[in-house]
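The values are calculated or read from the model by the stated rules, or taken from the named source; none is laboratory data. Note that the coordinates shown come from a computational prediction; the quantities given were computed from them, not determined experimentally. Quick reminder, even Gly has a Cβ in these numbers, built from the backbone with ideal geometry, and neighbours come from all protein chains shown. With ligands, DNA and RNA removed, areas are computed over all heavy atoms of the protein, side chains included. Shrake-Rupley method; radii C 1.70, N 1.55, O 1.52, S 1.80 Å.
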Amino acid sequence: MNKKLGLLTMAILSVSLLGSAYAHKGQIVGDYKIDAGWKNEPPIAGKSNAIEVIITKASMSEKKIVSKGEHKDDGHKDDHKKTNAKKSTHDEKSKKNHHYDSKKNSKPKKITNGISGLSKNVEVDVTLNGQKTFLTLVEDPKNKGAYHGEYTPSESGHPTVHIAGKIKGVDIEATFHPEKVEPKK
């Protein structure tokens, strides 16, 4: 019995680790679910790419799961940096922003509950090796709530994506650590 349980556990872990190689990072921020990641994975230095941002209304079940502390953290302690004048503690922010991995399919799926019209209300920047670049967000006209900002990484490294702005008058802020940019081949 224990051997079967061990094999089942190994199989589940293998599948989940394989799937996370192609995952967007996600957070629940107040009433919203925000996903961010690379349009083309793996990202390669010097190759044109984009950061995808998907903003939807968080479901009651998603909010309930994170309120119970059953969220999947992406392991980065600095994801809750706040840059506006109002200061709050890490504990207060960790109650608001909750992390999870959202599997990225090879074809974007149709978004339900997408929040449209945020291109001018939400700013996205990418910091790679100390250099910050602000992106121009463009909404996908066929997939409301899906945005992208063109970005060509100039070198390899571990990027940070910062998203801040207002959704329906409510301040939102989230920081993500998408997949490492690989060197030119």
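The residues of the range 107-143 that are without any contact (Cβ under 8 Å) to a residue 24 or more places away in the chain and open to solvent by 80 Å² or more (accessible area, probe 1.4 Å), listed by number, are Lys107, Lys109, Lys120, Gln131, Lys132, Phe134, Thr136, Pro141, Lys142. As a summary of the residue check, Lys132 satisfies the conditions (1) at pLDDT 95 or above; (2) of a type in the set (Lys, Arg); (3) not in a strand (DSSP E or B) except for the one numbered (3). When Ser154 is tested against (1) touching a residue at least 40 places away in the same chain (Cβ under 8 Å); (2) open to solvent by 70 Å² or more (accessible area, probe 1.4 Å); (3) assigned to a strand (DSSP E or B), exactly one condition is not met: (3). Looking across the range 42-51, the residues that are out of contact with any Asp or Glu (no Cβ under 6 Å at 6 or more places or on another chain) and open to solvent by 40 Å² or more (accessible area, probe 1.4 Å) come down to Gly46, Lys47, Ser48. The residues of the range 109-120 that are over 25 Å from Thr152 (Cβ atoms), out of contact with any Ser or Thr (no Cβ under 7 Å at 6 or more places or on another chain) and at pLDDT 95 or above, listed by number, are Ser116, Gly117.
For Ile55, the conditions (1) modelled with pLDDT of 90 or more; (2) assigned to a loop (DSSP other than H, G, I, E, B); (3) open to solvent by less than 70 Å² (accessible area, probe 1.4 Å) are fulfilled apart from (2).
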